[in-house]
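First up is the structure itself, then whatever we jot down about it.
The values are calculated or read from the model by the stated rules, or taken from the named source; none is laboratory data. None of these values were measured; they are calculated from a predicted model. Cβ atoms come from the backbone with ideal geometry, glycine included; neighbour counts cover every protein chain shown. These accessible areas exclude ligands, DNA and RNA; they are computed on the full protein's heavy atoms, side chains included. Shrake-Rupley method; radii C 1.70, N 1.55, O 1.52, S 1.80 Å.
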Amino acid sequence: MTSNDFSSARGTPRHDLESSSAATVSAGPGPGPAPADLLRRLRARGAADPVTHVERVPARAGVPAPWPSWAPAELRAAFTGRGVVAPWQHQAQAANLAYEGQHVVVATGTASGKSLAYQLPALATLLADPRATVLYLAPTKALAADQLRAVAALELEGVRPACYDGDTPRTEREWIRRHSRFVLTNPDMLHHGILPGHAQWSGFLRRLAYVVIDECHTYRGVFGSHVAHVLRRLRRQCARFGATPVFVLASATSGDPATAAGRLTGLPVTAVTEDASPRGGVTFALWEPPLLPPDSSAASLVPPQATGEHDELHQVRRSALRETADLLADTVAEGVRTLAFVRSRKGAEVVAANARRALDDAVPGLGDRVAAYRGGYLREERRELERALLHGDLLGLASTNALELGVDLVGLDAVLICGYPGTRASLWQQAGRAGRSGQEALAVLVARDDPLDTYLVHHPEAIFGAPVEATVLDPANPYVLAPQLACAAVEAPLTPADLTLFGEGAKEAVDQLVAAGALRQRPTGWYWRHRERPEVDLRGEGGAPVAVVESSTGRLLGTVDGGSSHFLLHSGAVYLHQGVSYVVDQLDVVDGCALVRAEEPDWSTHARDVTDLSVVSVRSYVDAGPVGMFLGEVDVTSQVVSYQRRRIATGEVIDTRPLDLPTRELRTVAVWFTLSPQSLAAAGVQPADVPGALHAAEHAAIGLLPLMATCDRWDIGGLSTAVHPDTEAPTVFVYDGHPGGAGFAERAYGTASAWLRATRDAIAECGCETGCPSCVQSPKCGNGNNPLSKPDAIRVLDVVLTNLPD
Ligand SMILES: [Zn+2]
Ligand SMILES: [Zn+2]
């Protein structure tokens, strides 16, 4: 029996932008009830107490530091004029290190003022040396534009800051290249525009003193691996012109930021992590919705399918959406200004609608004080919502995290977070909306039916203790390295010294490019042989994206990455796009296009696949007696073979229909563990239960990996089997869903005992009887969550953990 879970390759970077705008609004009507009193009333509603933990995050006074002696008076005056009286200690520390020429990453909390840490040394240098230049990289154009406003507002003589991105008019580009000394751009523009045009940029690059990389935790996975090589290409061009810029990086708090920054830049980087900025006090509650009675119909006001949340799982816990809606209604009824963050747009609308209904039932008309907010509103509509909330006309707002980007709104009395947003950075970003100056606020994390959420509400130390989740990337990925070396070779022939710069695997990649006829070796180096440049997309994933097109209008609705297209867009699939339901008429695999029509049938569709995995090579392993732990390359072959149609209301299977789709192959990196059949028998796992035990352990392990690395379960796939031909033993594989790997499996291997301990605890601590979405069921199972054995999964993991060294 083999069970598999292919997960798609999706790697959209998260953009957790820091609110640095001075225009942030706050204040409003008088204070609400004290957070502790409010929380007491909220948790007293039901029979069982849903609160698993209350953390009082105390207010913190800031620790100021003197201005560095090297900061010129003009610069200090400019900052003082913008309201910065003195730097906080972490800002001064990072600025001093950078000014001394050390590469530094400042990894502190939301709104801790990381920008001053790089602005100080960069601008001081520009003022002291009228020829020096600075390059600033942000993951989005919007953030670069924000930063441009901030630097321009300082009105420093001769700096001439300017954004240089895809939107910059051609007519301005030459002026910027020649005259701007503080250029703000993004990695895509550096890759597609600046580096290929390095001759035109030679004056700028020759004098480059600093490279600032803002929000560097967003460069993760395959995208991060590409960016790592774009930065090496930048360093190479600088070196050709005789410049060795200092790198200053800003990151959200994460596990081991120095290592991540070092991998990204290829340089030794010192981390500054002690946050010395002031913050308001927050009472932070972790909330687990109660289990439903066993024979409850689990009737939700809205089928979970329609919200894009779990769509095939039997619900045993009250949904986080309903719980959040009730909490929102309760806080609004108390007159508390509340913001609820919900992951999906449809979910936000459901929360707002249910809260409105509950309030109107209590006091007709009260429901009008709750609204839903989603991205895509016009600027005026957003401003109107902000105004209404500020003045108290509106008391409750349910939003997707679009609000993180679109609206400047702080100083709320309470923030409800419906489902863990995926990273600690996002969690604190959202919680950070609560709290007016000098006042305590309430934040509540409502757990969804998901192993990671369940784990977190029972392990508050994973949220409030030292971070373990690290930003991972893998610059040695051959699928990233080879195309990046090709780009580098176009910019200048590769030399043996460059192989050291591009690091592990570079020589092999160059040999491959030579063998493929892309490079030619001459005595002076490796030369690009073709006329045209290689096409390399930094955000490229396995397989070209598939276009989703509405047949009747020809309108392009969006794209789905090639990796998950067979799952989501097969003929007959019901496909949700931004909350609207479509049915796929045809998937054209060759042209990469799916034709769909808007339709909302009363069933959902669930693709089934068969997956084979073979071990190509072992990179590293731990021999732990009856248990083996491995990291290596694998070939994954998968084919989507059929799909089920199920009634939305009841989950009843209507029928299973065959599909005729080609197989797909993925060479990637996997972590796997094996157990001897004897050790399983000794632990009480009956032979017949081994497949279900391994399968359940595999699901939960995939669900918990985001605790260790900033990925989500959709970045990872798994396969478990009672006997695998290559290992000849019961085995669980967990693999990166990206060609060549993205660093997730490697991180899992490096933290194996902590990762599997968390997995074991998440399963053991779930209150369900036989397994549920909070522990061992997976929303993306290719086998319809069958077989699964919850108690035996715990036994399996116990065997692994007792034998594996820490
Ligand atoms: Zn459970
Ligand atoms: Zn499965």
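See the values below:
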item: Test: residue in segment 162-176 that is surrounded by fewer than 15 Cβ atoms within 10 Å (Cβ to Cβ), under 20 Å from N96 (Cβ atoms) and acidic (D, E); result: no
item: Test: residue in segment 621-628 that is in contact with a helix residue (DSSP H, G or I) (Cβ under 6 Å, 6 or more places away or on another chain), closer than 30 Å to V671 by Cβ and open to solvent by 50 Å² or more (accessible area, probe 1.4 Å); result: yes
item: In segment 658-708, the residues that are closer than 20 Å to G632 by Cβ and exposed (fewer than 15 other Cβ atoms within 10 Å of the Cβ); result: E665
item: Checklist (1) more than 16 Å from ligand 1 (Cβ to nearest atom); (2) over 29 Å from P460 (Cβ atoms); (3) of a type outside the set (K, R) applied to N786, failing item; result: (1)
item: Checklist (1) at pLDDT below 90; (2) closer than 30 Å to P64 by Cα applied to P268, failing item; result: (1)
item: Contacts under 6 angstrom Cβ, first residue in segment 657-671 being among the hydroxyl-bearing types (S, T, Y), partner surrounded by fewer than 15 Cβ atoms within 10 Å (Cβ to Cβ) and not in a loop (DSSP other than H, G, I, E, B), 6 or more apart; result: T663/T637
item: Selection from segment 561-571 of residues that are open to solvent by less than 20 Å² (accessible area, probe 1.4 Å) and modelled with pLDDT of 90 or more; result: L569, H570
item: Qualifying position, being closer than 22 Å to A425 by Cβ and either touching a residue at least 12 places away in the same chain (Cβ under 8 Å) or in a loop (DSSP other than H, G, I, E, B) (or both), among A86, A117; result: A117
item: Residue satisfying all of: in segment 730-741; within 16 Å of ligand 2 (Cβ to nearest atom) and touching a Ser or Thr at 6+ places or on another chain (Cβ under 6 Å); nearest to A228 (Cα to Cα) among these; result: G737
item: Strands (runs of 3 or more DSSP E) lying entirely in segment 502-571 (those with 3 or more residues that are in contact with a strand residue (DSSP E or B) (Cβ under 6 Å, 6 or more places away or on another chain)); result: 525-528, 546-550, 556-560
item: Pair list, Cβ under 6 Å, 6 or more apart: segment 266-283 residue of a type in the set (D, E, K, R), other residue surrounded by fewer than 16 Cβ atoms within 10 Å (Cβ to Cβ); result: R279/R60
item: Whichever residue in segment 169-198 is among the basic types (K, R) and in contact with a helix residue (DSSP H, G or I) (Cβ under 9 Å, 6 or more places away or on another chain) and, among such residues, is farthest from A489 (Cα to Cα); result: R181
